[in-house]
Amino acid sequence: MTKKIQAMVVFGTRPEAIKMAPLVLELKAHHQLEPLVCVTGQHREMLDQVLALFGIVPDFDLNIMQSGQTLTEITARSLRGLEKVFSQVRPDIVYVHGDTTTTFAGALAAFYAQIPLAHVEAGLRTGQKYAPYPEELNRKLTGSLTDLHFAPTASAKENLLAENVPAEQLFVTGNTVIDALRYTVRPDYVFSRSELNSLPSHKRLLLVEVHRRENLGAPLEAICRGLRRVATENPDVLMIFPVHRNPAVREPVNRYLAGLERVLLIEPLDVADFHNLMQKSTLVFTDSGGVQEEAPSLGVPVLVLRDVTERPEAVAAGTVTLVGSAADRLVETAANLLTDKLAYAKMANAINPYGDGRAAERIVAATEWYFAKSGTRPEDYSVN
Ligand code: UD1
Ligand code: UDP
């Protein structure tokens, strides 16, 4: 029997876990590949929620999270832990995802150990060093250490070609987040958070998810003021806000929004609850990356609380609009969409520029091809 290829999947935060879970499951189903999972634990509770939902038990858990952790601490603790892991097992390939500090540390640790590196969700760019911070540089630096780039879209591939990444290292796969949606969204879904099963049917649901580091401080305060006005000025809405566990997010959110009649502040939801709630929502307000990809495929308009996005596809298609963090713009855009049926209908198109739910399958096929050094190269995913 030929030896299986050991494929180590490294992740640490909620979004990486959601987007890597389909890959772990696909690797498990493959007879020539042996998946190993190493989590840094950059997130704890929010990571564990995802692991539990997908039934993934990590082989290694670095458990690095500290309250109020700095970027340096996350990087240093992850690097040290990964060095130990790579000295115990030497995988044939390491996969990292996206643009968190775990991503960059995982890429650097694989490089130091001279292990081939695959980057899932490669090639997203704003072209601005500090927007988003630190993600733009995390993904760029990771890209320069990568041997196999799995770009979710054709425009992400173009970004990498423009940085002189050799075309033979590049695959367009679609985004694994669409694979994840296939596991979670159901027409007859029953929420595990029981209060969500009895939401008032006459209210329009507004779903909020805000957390980004570059919005902390004054921008987040402005966003919260805007959200408070949206909730108080529109009597037929119910705003549901599962609040990220970062204390720097919780403090202003509680100060501006706790106790308001039409606002429900809750703990982070497991991803199946969150996706199914999103499907029932009228509008989504977010600065999250993943949510910007999920909502368009569910036909729910998104107001992005940032000035720039590395995900231009849904903006071009009209499902996502950038509103920045200024309270007035947020309130005006929401008011317009809540009153103007035509404007709303124009945005509420289910479009799927981000994938067809088969991204993990393509990543595994490309991995096989990479190791076989023969056979047919897997074809790029294309929207049409
Ligand atoms: C991180 C990523 C960001 C990603 C986001 C997804 C970096 C630098 N940032 O940002 O790219 O968009 O995750 O959510 O990699 N905390 C808990 N429990 C948890 C998770 C977080 O208590 O399960 C608290 C801790 O106090 C922690 C703080 O939140 O120190 C911040 O977490 P951290 O991972 O450093 O930053 P995020 O803003 O979550
Ligand atoms: N999400 C979740 N529970 C919540 C809020 C969000 O599972 O209460 C999911 C959401 O569906 C998306 C992911 O978390 O898949 C996005 O993660 P986050 O916003 O933390 O990070 P980003 O995508 O901005 O890096």
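The values are calculated or read from the model by the stated rules, or taken from the named source; none is laboratory data. These numbers were taken from a predicted model, which means no experiment stands behind them. Neighbour counts are summed over all protein chains in view; Cβ atoms, including those assigned to glycine, are modelled from backbone coordinates with ideal geometry.
Checking each residue in the stretch 26-49 for being within 16 Å of ligand 2 (Cβ to nearest atom) and either more than 16 Å from the chain's Cα centre (by Cα) or closer than 24 Å to LEU108 by Cβ (or both) picks out VAL39, THR40, GLY41, GLN42, HIS43, ARG44, GLU45, MET46, LEU47. For ALA222, state whether it is in contact (Cβ under 8 Å) with a residue 60 or more places away in the chain and more than 10 Å from ligand 2 (Cβ to nearest atom). Taking the combined requirement at face value, the residue satisfies it.
Of everything in the stretch 83-119 that is farther than 17 Å from ILE64 by Cβ and among the hydroxyl-bearing types (Ser, Thr, Tyr), the residue that is farthest from ligand 2 (Cβ to nearest atom) is SER87.
In this structure, is ARG229 of a type outside the set (Ser, Thr, Tyr), surrounded by fewer than 20 Cβ atoms within 10 Å (Cβ to Cβ) and away from ligand 2 (no atom under 12 Å from the Cβ)? Judged against the criteria, ARG229 is a match. For the stretch 233-256, state whether one or more residues are modelled with pLDDT of 95 or more, surrounded by fewer than 17 Cβ atoms within 10 Å (Cβ to Cβ), more than 9 Å from ligand 2 (Cβ to nearest atom) and among the hydrophobic types (A, V, I, L, M, F, W, C). Yes, that holds for at least one residue. When LYS129, LYS140 are checked against the criterion of being out of contact with any helix residue (DSSP H, G or I) (no Cβ under 9 Å at 6 or more places or on another chain) and more than 22 Å from VAL24 (Cα to Cα), a single residue qualifies: LYS140.
Conditions tested, residue by residue: (1) out of contact with any strand residue (DSSP E or B) (no Cβ under 9 Å at 6 or more places or on another chain); (2) surrounded by fewer than 24 Cβ atoms within 10 Å (Cβ to Cβ); (3) closer than 22 Å to THR75 by Cβ.
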{"site": "HIS119", "(1), (2), (3)": "no, no, yes"}
{"site": "ALA122", "(1), (2), (3)": "no, no, yes"}
{"site": "THR126", "(1), (2), (3)": "yes, yes, yes"}
{"site": "LYS129", "(1), (2), (3)": "yes, yes, yes"}
{"site": "GLU135", "(1), (2), (3)": "yes, yes, yes"}
{"site": "ASN138", "(1), (2), (3)": "yes, yes, yes"}
{"site": "GLY143", "(1), (2), (3)": "no, yes, yes"}
{"site": "LEU148", "(1), (2), (3)": "no, yes, no"}
{"site": "ASN159", "(1), (2), (3)": "no, yes, no"}
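Residues are listed down the side, and each one gets a yes or a no for (1) part of a helix (DSSP H, G or I); (2) of a type outside the set (D, E, K, R):
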{"position": "ASP307", "(1), (2)": "no, no"}
{"position": "ALA314", "(1), (2)": "yes, yes"}
{"position": "SER325", "(1), (2)": "no, yes"}
{"position": "ASP328", "(1), (2)": "yes, no"}
{"position": "VAL331", "(1), (2)": "yes, yes"}
{"position": "LEU342", "(1), (2)": "yes, yes"}
{"position": "ALA345", "(1), (2)": "yes, yes"}
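Scanning the stretch 40-86 for residues that are among the acidic types (Asp, Glu) and within 13 Å of ligand 1 (Cβ to nearest atom), which turns out nearest to LYS28 (Cα to Cα)?
Filtering the stretch 40-86 for residues among the acidic types (Asp, Glu) gives 45, 48, 59, 61, 73, 83.
Subsequent filtering for residues that are within 13 Å of ligand 1 (Cβ to nearest atom) retains 45, 48, 73.
Numbers: GLU45: 24, ASP48: 20, GLU73: 32 Å.
The qualifying residue nearest to LYS28 (Cα to Cα) is ASP48.
Every condition in (1) more than 28 Å from LYS157 (Cα to Cα); (2) in contact with a strand residue (DSSP E or B) (Cβ under 9 Å, 6 or more places away or on another chain) is met by THR176 except one, and the failing one is (1). Does VAL300 satisfy the criteria of being within 16 Å of ligand 1 (Cβ to nearest atom) and touching a strand residue (DSSP E or B) at 6+ places or on another chain (Cβ under 9 Å)? Against the criterion (within 16 Å of ligand 1 (Cβ to nearest atom) and touching a strand residue (DSSP E or B) at 6+ places or on another chain (Cβ under 9 Å)), VAL300 does not qualify.
Pairs are defined by a Cβ separation below 8 Å, a sequence spacing of at least 6 or placement on different chains, a first member in the stretch 25-47 that is under 24 Å from LEU79 (Cβ atoms), and a second member that is within 16 Å of ligand 2 (Cβ to nearest atom) and charged (D, E, K, R); the pairs so defined are HIS43/ARG14; HIS43/ARG245; GLU45/ARG245; MET46/ARG14; MET46/ARG245; LEU47/ARG14.
For (1) in contact with a strand residue (DSSP E or B) (Cβ under 8 Å, 6 or more places away or on another chain); (2) surrounded by fewer than 21 Cβ atoms within 10 Å (Cβ to Cβ); (3) modelled with pLDDT of 95 or more, each residue gets a yes or a no:
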| site | (1), (2), (3) |
| --- | --- |
| ARG14 | no, no, yes |
| VAL37 | yes, no, yes |
| HIS43 | no, no, yes |
| GLY55 | no, yes, yes |
| SER67 | no, yes, no |
| ALA76 | no, yes, yes |
| GLU83 | no, yes, yes |
| SER87 | no, yes, yes |
| TYR112 | no, yes, yes |
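If you filter the stretch 1-22 down to residues that are small (Gly, Ala, Ser) and not in a helix (DSSP H, G or I), you find that the one that is farthest from ligand 2 (Cβ to nearest atom) is ALA7. Output the residues belonging to the stretch 150-172 that are under 17 Å from PHE11 (Cβ atoms) and more than 16 Å from ligand 2 (Cβ to nearest atom). Listed by number, the list holds a single entry, PHE150. Candidates ASP273, ASP340, ASP287: the one that is under 30 Å from ALA29 (Cα atoms) and either out of contact with any Lys or Arg (no Cβ under 6 Å at 6 or more places or on another chain) or within 16 Å of ligand 2 (Cβ to nearest atom) (or both) is ASP273.
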